[in-house]
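The next block holds one structure in the form of structure tokens; read it before the comments.
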Amino acid sequence: MADRGVAVVTGGGSGIGLAIAEALIGEGWKLLVADLSADALQAARTRLEPRGGDAVKFVQMDVADEASVIAGLKGCEDKFGEVRGLVNSAGIGRDVPFFDTSVQLFRKILDINLVGTFAVSREVGRLMKAHGGGAIVNIASVSGLRGNIGRSAYGASKGGVVTLTQVMACELAPDNIRVNAIAPGPIETPMVKEMHNDAVRAGWLQQVPQRRYAAPEEIAGAASFLLDSSKSSFVTGQILAVDGGFTAGGLLPPYP
């Protein structure tokens with residue numbers, strides 16, 4: 001299988017990021033897997049190294065800290081390969097009513113989900129520009145496209161990712177860098193399992209036409225497509241909802 005180059009995956013220690021990382025190994029990518037949690041990175045190492053071997057590197061990174069991002073990416077191409085792909089999957093979520101959302105929490109979620117996406121994209125984008133281009137996939141959310149209750153901070157951060165994606169696509173196109181986003185619906189990730197109680201789950205199942213949550217692996221195919229220049233070379237600035245029909249939903253049949 002041809003070497004596609006290096007793909008950086010933030011939030012790659014668990015959930016959607018880990019599932020995408022695993023899929024990319026099978027498609028010939030070398031990987032730099034970044035995560036804030038040392039425990040998550042160790043678990044990812046156990047899962048990915050048997051398949052990727054020396055083609056996978058791991059780095060602890062706080063995407064909300066500019067210095068940590070720069071340090072984590074320093075020398076990442078040395079004796080490894082050119083960075084051609086980036087998946088910004090690092091993020092946090094909270095389900096908090098509007099009046100109960102503190103400014104501190106609002107800023108924290110924006111820092112990680114939005115500022116973190118910007119900071120990593122800027123640094124990786126500079127590497128891509130230096131050697132002729134690449135592709136960036138940002139993980140947004142349907143909560144950045146619709147007004148879901150309890151998501152004032154989370155929804156605002158992901159709505160920012162949607163707009164940032166479109167601006168980046170326009171500005172970086174002359175450098176042959178494509179930028180797209182995936183907006184997942186309800187996915188069975190560790191973060192979602194913490195956020196969604198029985199009542200929240202019932203609400204999602206009522207509104208998702210496919211009447212289920214997806215597995216993280218069901219996002220990986222969309223990310224692989226958007227990173228692959230042989231399949232999506234004329235696709236940039238798009239927001240692909242992988243949501244079981246949630247954003248298309250209108251009046252649905254009663255949930256059994």
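None of the figures in this text is laboratory data; all of them are computed from the coordinates on show. As the structure is a computational prediction, the values presented were derived from the model and not from experiment. Counting neighbours? That spans all protein chains shown, and the Cβs are built from the backbone with ideal geometry, glycine included.
Among Phe225, Phe99, Phe58, determine the one that fluctuates most according to a GNM of the chain built with springs between C-alpha atoms less than 10 Å apart.
Phe99
Could the peptides 244-256, 145-157, 100-112 be put in order, highest first, of the mean number of other beta-carbon atoms found within 10 Å of their residues? Spell out each step's value before the answer.
Values: 244-256: 11.2, 145-157: 19.9, 100-112: 15.1.
Averaged packing, sorted descending, gives the order 145-157, 100-112, 244-256.
With everything on Cα atoms, drop me the angle between helix 38-52 and the longest principal axis of the chain, reported from 0 to 90° to the nearest 10.
60 degrees
In the chain, if the dipole is taken from +1 on Lys/Arg beta carbons and -1 on Asp/Glu beta carbons about the Cα centre, which of Leu73, Ala23, Ser224 is farthest to the positive end?
So the residue we want is Ser224.
Can you spot the aspartates and glutamates whose alpha carbon is less than 19 Å from Lys57's alpha carbon? Ignore those fewer than 8 places along the same chain.
Asp3, Glu22, Glu27, Asp35, Asp39, Glu49, Glu77, Asp78, Glu82, Glu123
Can you give the angle from 0 to 90° between the axis of helix 217-227 and the longest principal axis of the chain, with both taken from C-alpha atoms, to the nearest 10?
That works out to roughly 50 degrees.
In the chain, if the dipole is taken from +1 on Lys/Arg beta carbons and -1 on Asp/Glu beta carbons about the Cα centre, which of Met61, Gly249, Gly147 is farthest to the positive end?
About the Cα centre, the residue reaching furthest to the positive side is Gly249.
Give me the percent relative contact order of the chain, please, defined on Cα pairs under 8 angstrom at least 6 residues apart.
Values: 507 pairs, mean separation 49.7, N = 256.
With pairs under 8 Å counted, the relative contact order is 19 percent.
Considering the options Phe99, Pro209, Gly12, tell which one lies farthest towards the positive end of the dipole of segment 6-244, charges being +1 on Lys and Arg and -1 on Asp and Glu at the Cβ, about the Cα centre.
Pro209
Which option, [x] 12.0; [y] 18.9; [z] 13.9, is the value of mean projected area of the Cα convex hull in nm² that was calculated from these coordinates?
Recomputing mean projected area of the Cα convex hull in nm² here picks out [z].
Per residue of segment 109-123, what does 6.51 cos²θ - 1.76 cosθ + 1.60 with θ = phi - 60° give for ³J(HN,Hα)? Whole Hz please, x for Gly and Pro, Karplus curve as stated.
Listing the rounded values in order: 5, 5, 4, 6, 6, 9, 5, x, 4, 4, 5, 5, 4, 4, 5 Hz.
State the extension gain, in nm to one decimal, for the chain segment bounded by Phe234 and Glu217, taking 0.36 nm per residue of separation less the distance between their alpha-carbons.
Numbers: separation 17, 0.36 × 17 = 6.12 nm, distance 2.46 nm.
Using 0.36 nm per residue and subtracting the Cα-Cα distance, I get 3.7 nm.
Taking 29 Å as the cut-off for C-alpha to C-alpha distance, list the pairs among Lys30/Lys231; Lys79/Lys108; Lys79/Lys158; Lys30/Lys108; Lys79/Lys129; Lys129/Lys193 that go past it.
Numbers: Lys30/Lys231 19 Å; Lys79/Lys108 36 Å; Lys79/Lys158 35 Å; Lys30/Lys108 31 Å; Lys79/Lys129 19 Å; Lys129/Lys193 38 Å.
The answer is Lys79/Lys108; Lys79/Lys158; Lys30/Lys108; Lys129/Lys193.
Could you tell me which trypsin sites (Lys or Arg not before Pro) in segment 179-218 are loop residues by DSSP with no more than 13 other beta carbons within 10 angstrom of their beta carbon?
On the way: sites: Lys193, Arg201, Arg211, Arg212; in loops: Arg211, Arg212.
Within segment 179-218, the qualifying trypsin sites (Lys or Arg not before Pro) (loop, at most 13 other Cβ atoms within 10 Å) are Arg212.
Considering only the other residues whose Cβ falls under 10 Å of the Cβ of Leu32, what net charge follows from Lys and Arg at +1 and Asp and Glu at -1?
Numbers: positive: Lys30, Lys57; negative: Glu77.
Summing Lys/Arg as +1 and Asp/Glu as -1 gives +1.
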